[in-house]
Structure formats: C-alpha cells, structure tokens
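What follows is a single structure, written as structure tokens, with notes after it.
A short reminder: the numbers here are calculations on the coordinates, not readings from a lab. What you see is a predicted model, and the numbers here were worked out from it, not measured in a lab. Cβ coordinates were reconstructed from backbone atoms using ideal geometry, including for glycine residues, and neighbour counts include every protein chain displayed.
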C-alpha cells in the first residue's frame, strides 16, 4: 500500500484529483459559512418617541360578530386609535378624519375538525356603511390550532439591507406603524364590528349567517 501511494503521489492524475477534492471541500465549507452569516443577519426596526407612545397607549376591543357554530372562533380583536396629527406625522399622508383606527391584533382558534386554508376579516362601521376586508390566503390552520395575527402581520413589510464599513450586514424593516396600510379609514372605534369568512383546505367555505341575515333584511 505504501509503495502504491508513493508511486501515485507524484503522478499528475493524483495531484489533479486531490486538488479537485480540496476545492470542492472548500466550496462546501464556504456555502455553509455564507448560510450561517445570512441566518445571523440582525434585523432592525427603527422606533421613535411617537411610535413607542402609540404602542403603549390603551387597546380597544372591537365588537365580534360570529355564530355559535363558527369553525374559527375570534377570541379577541384589539385596535389602537390615533389623532389626525399623529397620523400625518407617522405616514406623511393627509386625511379628513379626526381619529384613525389601526388594523386589529387578533387571537383566534380553529374549533372545527377540518384544516382551514384561508381567512377573510371584515371590519365594518354599519352606521357610516364603510367596510374593509383583510384576506389571509395559503394558510394551514389545523383543528385545535391557534391563529394569532399581530398588527404588523396585516402588512407586507418594506425592508432594505445595509452594510457598514466593517462589512457587517443588517436588514432594516420599515416601522409598520408608519405605513398608511397599518391604519384603516374608520373614525369611531365604538361602532366597529369584526367578522370572518372561512375557506377550508377541501375547498368548502363558511360564512357568518348572522351577518348575512342582517345584510338581507
């Protein structure tokens, strides 16, 4: 074995094969390191005094409309309320509303025996006859599983990647509270009601009958 190794060690074919194997190993190590670096990239969401003030402000619970046999139970839906001045400071957008309501923070649970694939939230002001639909597709909410959505979860976050002088990479996600989509065109939180429509993985759907009956009156 030693003689074979000695004879082949100096051969061109052996050296080329060894070089290729070494390069492949280095490439694999490089890919693993790159993946580790990407995984460990810090995520930064800039905040300011106004943002923190709003986040610490009281939540308001919306009125929940749902039938007793609803397959997905809404446990709570809470919103924030801000003034016109704060809205314009946050979003740089103009509005005629004196008060603006946020998208809700929602807690739900699948109490059916089927997997739920889509959820449509309907938030409406029956007095002003204004409603807003929020659609969550491509879900896989199994029986007995909770489905909780933060307010930021209703938005597609805007993000940028930065590299400092030392080569450190950071992903900066736009503060969602400064996105106009975070705020809904409602001015009276006490009139707001929330209901849902469900689509199951088997293609069947469920509607809130109580709401449908009211609309048909």
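Summary of values
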{"quantity": "Shape category assigned to the stretch 43-208 from the gyration tensor of Cα positions, a/c cut at 1.5", "calculated": "oblate"}
{"quantity": "Residue 156/residue 131 FRET efficiency (R0 25 Å; Cβ-Cβ; nearest 0.05)", "calculated": "0.70"}
{"quantity": "Length-normalised contact order for the stretch 106-190 - Cα pairs under 8 Å, 6+ apart - percent", "calculated": "27 percent"}
{"quantity": "Stretch gain in nm, segment residue 145-residue 120, where the contour uses 0.36 nm per residue and the Cα spacing is subtracted", "calculated": "7.3 nm"}
{"quantity": "Computed lengthening from residue 138 to residue 59, 0.36 nm per intervening residue step minus Cα-Cα distance", "calculated": "25.6 nm"}
